[in-house]
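Chemist: Just passing along the structure, written as structure tokens.
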Amino acid sequence: MTTKDRPGNAPPREPYLKGSNAAYLWGFVGTNVAVFLSLVAHRHFDSSSIADSWAHVTAKNGMMAATIPLATIILGGVLNDATKARLVFWRWRHPLPGSRVFSELVPTDSRIDPAALKSSIGKFPRSPQEQNALWYRLYKKHKMARSVWEAHKLYLLTRDMSAIAALCALLFPLGIALTGSDWRILLVYFALLATQYVFIAKAAHNYGNRFVLNVACEESSAQPS
């Protein structure tokens with residue numbers, strides 16, 4: 001449907017990306033909480049006890065089910081955006097991929113015509129601040145493109161999951177240690193949580209790069225060859 005087909009010739013609505021990710025984050029937090037509660041109660045890994053904990057966490061009208069969304073909001077807000085980016089891209093200074101999109105990322109994407117991109121934006125900036133500022137202007141221009149907002153949604157989801165996974169890896173083993181569980185169980189649990197964080201952070205890293213490249217691709221393809 002084109003803009004002219006919309007009632008009152010209204011512009012398209014901007015997708016509410018974070019809201020659409022909420023259910024996935026709730027499920028992620030609920031799963032981690034269920035495993036944690038199972039270890040607190042039984043002090044060992046047991047599939048049946050984890051299933052019982054999951055049933056309590058997801059019970060309709062139960063207290064745990066009501067608190068999971070609140071816990072997700074709190075855990076997602078403990079770390080600011082800069083810290084989340086550092087946890088995803090493993091860089092302290094200028095962690096966002098927009099800070100190196102023209103110098104490092106654009107040459108790796110065969111979809112992007114560098115000549116067409118330069119004809120649109122001019123000479124590529126070199127400093128991280130200038131690169132990110134220019135990229136953000138391009139993002140504001142193309143944010144309604146499906147390839148852009150879908151990649152943005154996946155990046156935001158996995159970025160927040162990475163931050164929550166990092167917090168779980170720090171806090172949950174401490175809680176297990178306070179119960180007096182066997183140190184081997186504690187070590188295995190920490191290793192599992194750390195592995196979870198690494199895998200999700202890697203996924204967020206890739207989705208973040210794809211997001212910024214999709215913006216550059218939209219700008220490049222908009223120019224005549």
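The values are calculated or read from the model by the stated rules, or taken from the named source; none is laboratory data. Since this is a predicted model, take the numbers as computed values, not measurements. We place every Cβ from the backbone using ideal geometry, glycine too, and count neighbours over all the protein chains shown. Ligands, DNA and RNA are excluded from the accessible area calculation, which covers all protein heavy atoms including side chains. Shrake-Rupley method; radii C 1.70, N 1.55, O 1.52, S 1.80 Å.
Chemist: With a/c under 1.5 counting as rounded, go ahead and sort region 122-171 into rounded, prolate or oblate using the C-alpha gyration tensor (a ≥ b ≥ c being the square roots of the eigenvalues; past the cut-off, prolate if a/b is larger than b/c, else oblate).
Modeler: In terms of gyration-tensor shape, oblate.
Chemist: Here's something else I'd like to know. When the chain is fully extended, how far beyond the present Cα-Cα distance does residue 195 get from residue 222, taking 0.36 nm per residue of separation?
Modeler: Result for the pair: 5.6 nm of gain on full extension.
Chemist: Moving to a separate point now. May I ask which of 118/140; 118/202; 84/118 have a Cα-Cα span longer than 25 Å here?
Modeler: Listed pairs above 25 Å: 118/202; 84/118.
Chemist: Taking only protein heavy atoms and a 1.4 Å probe, what accessible area per residue, in Å², does the chain have with all protein chains in place? Walk me through the numbers on the way to the answer.
Modeler: Working: 12870 Å² over 225 residues.
Using a 1.4 Å probe on heavy atoms only, each residue of the chain averages 57 Å².
Chemist: Another question, then. Charges at C-beta only: +1 for Lys and Arg, -1 for Asp and Glu. How large is the resulting dipole of the chain about its Cα centre, in Debye rounded to 20?
Modeler: It comes to approximately 680 debye.
Chemist: Mean Kyte-Doolittle of at least -1.0 plus a Cα span of 24 Å or more along the axis: flag which DSSP H helices in the chain meet both, please.
Modeler: The answer, listed by residue number, is 17-42, 146-178, 183-221.
Chemist: How much of residue 197 can a 1.4 Å solvent probe reach, expressed as accessible area in Å² and rounded to 10?
Modeler: Only protein atoms counted, so the area is about 40 Å².
Chemist: At a probe size of 1.4 Å, how large is the accessible area of residue 185, to the nearest 10 Å²?
Modeler: Rounded to the nearest 10, that gives 40 Å².
Chemist: Ok, one more. Working from the pairwise distances between different alpha carbons, so that the mean of 1/r is found and then inverted, what is region 100-205's Kirkwood radius in Å?
Modeler: 16.9 Å
Chemist: With unit charges on the beta carbon (Lys/Arg positive, Asp/Glu negative), name the residue among 172, 145, 185 whose Cα is farthest towards the positive pole of the charge dipole of region 94-190.
Modeler: The one lying farthest along the dipole's positive direction is 145.
Chemist: Under a GNM of the chain (C-alpha, springs under 10 Å), which listed residue has the highest mean-square fluctuation: 179, 195, 83?
Modeler: Its mean-square fluctuation being the largest, the pick is 179.
Chemist: Turning to a different aspect of this structure: Once ligands and nucleic acids are excluded and a 1.4 Å probe is used, how much of residue 211 is accessible, expressed in Å² to the nearest 10?
Modeler: 10 Å²
Chemist: By accessible area of protein heavy atoms, probe 1.4 Å, what ranking do 92, 135, 26 get, highest first?
Modeler: 92, 26, 135
Chemist: Additional query: Distance between Cα centroids, region 186-215 to region 56-125: provide it in whole Å.
Modeler: 11 Å
Chemist: If you don't mind, there's one more thing I want to ask. Take region 27-137, drop everything but the C-alpha atoms, weight them equally and run the Debye formula without solvent; then report log10 I(q)/I(0) at 0.24 Å⁻¹ to two decimals.
Modeler: Treating every Cα as an identical point scatterer, log10 I(q)/I(0) equals -1.23.
Chemist: Leaving ligands, DNA and RNA out of it, report the carbon-plus-sulfur percent of the accessible area of the chain at a 1.4 Å probe.
Modeler: Roughly 62 percent, rounded to a whole number.
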